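The structure under discussion appears below in the form of structure tokens.
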Amino acid sequence: MDIYSFSSEVFTQDEDVLDVLGYRGRRLMHLSSLGIPILPGFILTNDSLLAELDSPGTNNSAVQKSIKNMEDVVGKKFGDPDNPLLVKYVLSPQLNMIDTFSSLHNVGLCGSTIDGFASFVGEEFAYHEYRNMLRRVVTLDLEVETDVNRRKLLEKKIDSLKSCTNAEQTKSTLVELEGLYPQEIFADSWAQLEFIQVLYTKYLKESESINDSSLLVQAMTFGNYGKKSYFGSFFTRDIVNGENKLDGQYFLNSFDATSSDGKGIDTISKDIYKDLNSIARLLENHYKEIRQVKFTVEDGKLWVIDQQEADGKSTQAHIRTLLELNEMGVVKDEYLINDIQPTRLAEILHPVIDRKSAQNLPSSRGGISGSVGAAVGRVFFSTDELMKEYRIATQRGLESDFILIMKSTYAEDVKAIEVCKGVITIEGGYASHAPVVARSLGKVAMVKPELKLLKSSVKIGDITIKEGDYITMDVTSYDKPTIYFGKVDLIKPSIEESGILEYLNIVQKFIGDFDVHANADQPKDAQLARLFLADGIGLCRTEHMFFDEERIPLFRSLIITDDMSDRHKILDKLGQMQTSDFYNLFKIMEGHPVTIRLLDAPLHEFLPHTRDSMQEFVAFYRKDHPKVTEAEIRLRCDMMGEVNPMLGHRGIRVAISKPEVYAMQIRSIFEAIYKLKVEDGIDSRPEIMLPVVMSHREVKTVRFGKRIEGAEILGIRDIEEAVRQKYDIDALPYQVGTMIELPGAALNADKIARYADFFSFGTNDLTQTTNGISRDDFNSFFTDYNEYDLLERNPFKYLNGPVKELVQIAKERGRMVRPNMKMGLCGEHGAEPENVSFCMDTGLNYVSCSPYGIPIAKLAVAQYNL
Ligand code: PEP
Ligand code: MG
């Protein structure tokens, strides 16, 4: 048999049969099997359609039998002059694709049934439906007609039908139409059905879809069939926040979903609501996700027309659905892990835009996503202006939603990034300053090379944004970022209510022994990291601790002063600050490892970059050094400038040229852990990390110290001992490790491993030094490379071949010397699932990423392990 009926009573679950029903047929068969009050129908398979082509009428008796089933379920009769059953024809191809003739409604409506139908829905609606049905029939006919003259005639008739606006006009147009077709199709429902079925089959043959399509016939009901009738649609729960509550509208005695008098689904009659709710639960249990359902209530009886995946559901809503299904035992933990794409988790942790409110705003799509989320605010083009406005706003208790737009940012701009909602730079890329800082602070960031920075405005295409104008940034992990020119409503996340923490508890069960650490340097980052079950801090970038307004002038003074006693005074002050910074981090991390990377930023990055910040600094410095002239200060700053700062005076090189700076930091680390041990009994696990290491000699020197004539570098070992003696306490174990950020270091890994307890691959720098591309300037040519297919993906986001090879070589060589050496990756690549897989394949022990990346990396690890 090649015709299959479906209803909540009659269905098949035979996979071989389901395979030939097309995607719609298959879906309706599933729904029927769930016992949902689906509108009954039947499916003519592709074989039965081919048979129909060979000998017309072959299927007639099976079709009649199937319609009889439908009549029994719906309680109406096909062709009944008083209350006729009408049916629709719908294509059911194997794959979900668009076809102009995907459906034809109201088959059975003809001269003998229209008055009966009109007695329920009114004459105008009845003729409107009749007219539309006939127009579709003529159009379908046109598709298969080859005779030029008849085609012209058909086109004319379509136009006449189109121009009808009421029942009277329709009636007279019908008379014209009658000459073109057999009389019976206007008088007898069965004759009409047979005619349409043959026409549809011919169309399928002409359009070459007959070989992979079935034809579905389904009963129709109407939400405007009298007082106890409705039409509506709903999501099985709230698609934004996932609350388990139907979310939709219904229209009383109506058939028009666009009419403005829709009412909230929660106000529908209690009995119907109860039924809809059970249908919703059945569907969610079956499909394991939120669904969208279309229904009618015809004269008090509920029918489901169809249902489908809920378009536009948020990740939060999906996760909450899965968590509930998991609690009810419908889905296993493993299902939860595999059903979410890790990068989608970023959406839960940041505000997202409310798409409805963005609809009418001009926008510009494109650029590079730096840090995911949505932000609305007034724009400012410099840190100074933004900070000025920020102070005024906070003093006056005014709203302070700001967005910083700059060519590129430096250390002195971090304070503005900290207080603003989002940052846009014109230059740079995923691993350049603004995105890195924004990710660590949970701010939104993007790079938009198309922006043109003018004096007090920026231009993009025809649009000019002036200082103080509102814009909205929408940055996602799965699409290009968009700027909206105006204010869009945001949907703010609540980590506690989002379900992410419960979800992470499940993910944690599948993590195994691969760790995920946080790149964190502020207490709030560390707290967030713990909330997300981070195994420790894998990278505390200490240079970020000098960026605040109180510290940066002190640090600048340290860099430019050549008076040793002056330097020590400043270092004492900074040392106290650092001790308290580290103390707080160790306390929050309660014995989990904390990797503190000693200062790593090109020194000149700390110096003033704008006129205003230079003036402020000159005033600050001259307070304590009145004899030093402004010109002298400027000169000293200028002398620090470097041609290629990324390969310049940074990282461990500072430990050799200005050992007292690293000594201050090392002392502060041990002060912090021993103080914490004395005060709170916490056994901290410090890991001191040395950046931009080139050779084992540097590591040996910093770890064990070195004396030359007239000068000395104090080693970590000596400093620890001195601090411990001061506290008179037993030693706490600590580790000293290095970043591997240079190809030379990777190749020398065996030698370096003699002095380092662990390696952390700094793949931001390793990518730039291996490929010879700067993380800040790379985007000036990346798009061209991309266009010519020379570089498919951004190597600062996805580890590229040579970098991976160096990581593998370093791992091999390092472990030859220290077989169990701990190794991880802490560059911005760390939260990208495919990089996580690479690290796991290679045998590293952890990745470290920004706190907001932790859930993503954890999920990637769990998926790898499953
Ligand atoms: C790196 O280079 O990958 C790294 C983590 O260090 P930073 O980004 O601070 O240079
Ligand atoms: Mg680095």
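The values are calculated or read from the model by the stated rules, or taken from the named source; none is laboratory data. Please read these numbers as outputs of a predicted model, since none were measured by experiment. Cβ atoms come from the backbone with ideal geometry, glycine included; neighbour counts cover every protein chain shown.
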Worksheet item: Under the condition of being in a loop (DSSP other than H, G, I, E, B) and modelled with pLDDT of 95 or more, which residue from segment 805-827 is nearest to ligand 1 (Cβ to nearest atom)?
Response: C826
Worksheet item: Do you know which residues across segment 113-132 are out of contact with any helix residue (DSSP H, G or I) (no Cβ under 7 Å at 6 or more places or on another chain) and at negative phi?
Response: D115, G116, S119, F120, V121, F125, H128, E129, N132
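Which of the residues belonging to segment 727-738 are in contact (Cβ under 8 Å) with a residue 40 or more places away in the chain and either closer than 14 Å to I666 by Cα or surrounded by fewer than 16 Cβ atoms within 10 Å (Cβ to Cβ) (or both)? Steps first, answer last, please.
Within segment 727-738, the subset in contact (Cβ under 8 Å) with a residue 40 or more places away in the chain is 727, 729, 732-738.
Selection gives Y727, I729, P733, Y734, Q735, V736, G737.
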Worksheet item: List the pairs whose first member sits in segment 7-20 and is closer than 15 Å to S66 by Cβ, whose second member is aliphatic (A, V, I, L, M), and whose Cβ atoms are under 6 Å apart, counting only residues at least 6 apart or on separate chains?
Response: S7/V73; F11/M29
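Of all residues in segment 437-477, which are part of a loop (DSSP other than H, G, I, E, B) and closer than 17 Å to K487 by Cα?
Taking segment 437-477 as the starting set, the residues that turn out to be part of a loop (DSSP other than H, G, I, E, B) are 442-443, 448-451, 454-456, 461-462, 467-469, 476-477.
The answer is E467, G468, D469.
Can you tell me which residues in segment 786-803 are part of a helix (DSSP H, G or I), surrounded by 12 or more Cβ atoms within 10 Å (Cβ to Cβ) and either in contact with a Phe, Trp or Tyr (Cβ under 9 Å, 6 or more places away or on another chain) or charged (D, E, K, R) (or both)? Step through it out loud before you land on a result.
Let us first name the residues in segment 786-803 that are part of a helix (DSSP H, G or I), namely 786-787, 801-803.
Going one step further and asking which of them are surrounded by 12 or more Cβ atoms within 10 Å (Cβ to Cβ), we end up with 786, 802-803.
Of everything in segment 786-803, just one residue is part of a helix (DSSP H, G or I), surrounded by 12 or more Cβ atoms within 10 Å (Cβ to Cβ) and either in contact with a Phe, Trp or Tyr (Cβ under 9 Å, 6 or more places away or on another chain) or charged (D, E, K, R) (or both), namely V803.
Looking at segment 589-600, is at least one residue away from ligand 1 (no atom under 16 Å from the Cβ) and over 31 Å from the mean Cα position of the chain (by Cα)? Walk me through how you get there before you give the answer.
In the first step, residues of segment 589-600 are kept if they are away from ligand 1 (no atom under 16 Å from the Cβ); the result is 589-593.
Now narrow it down to the ones that are over 31 Å from the mean Cα position of the chain (by Cα): 590-591.
There is at least one residue in segment 589-600 that is away from ligand 1 (no atom under 16 Å from the Cβ) and over 31 Å from the mean Cα position of the chain (by Cα).
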Worksheet item: Would you pick out the residues in segment 387-411 that are within 23 Å of D489 (Cβ to Cβ) and among the aliphatic types (A, V, I, L, M)?
Response: A393, L398, I403, L404, I405
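If only one of A416, A393, A358, A346 is farther than 30 Å from L866 by Cβ and surrounded by 20 or more Cβ atoms within 10 Å (Cβ to Cβ), which one is it? Spell out the reasoning first.
Values: A393 fails: surrounded by 20 or more Cβ atoms within 10 Å (Cβ to Cβ); A358 fails: surrounded by 20 or more Cβ atoms within 10 Å (Cβ to Cβ); A346 fails: farther than 30 Å from L866 by Cβ.
Result of the check over A416, A393, A358, A346: A416.
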Worksheet item: Can you tell me how many residues in segment 736-772 are more than 13 Å from ligand 1 (Cβ to nearest atom) and either among the aromatic types (F, W, Y) or outside the structural domain of L825 (by TED's automatic domain parsing) (or both)?
Response: 2
Worksheet item: Of the residues that make up segment 316-328, is at least one assigned to a loop (DSSP other than H, G, I, E, B), touching a residue at least 24 places away in the same chain (Cβ under 8 Å) and not assigned by TED's automatic domain parsing to the domain that holds F251?
Response: yes
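Restricting attention to helices (runs of 4 or more DSSP H) lying wholly within segment 107-219, give those where 2 or more residues are basic (K, R) and over 30 Å from D82 (Cβ atoms).
148-163, 189-206
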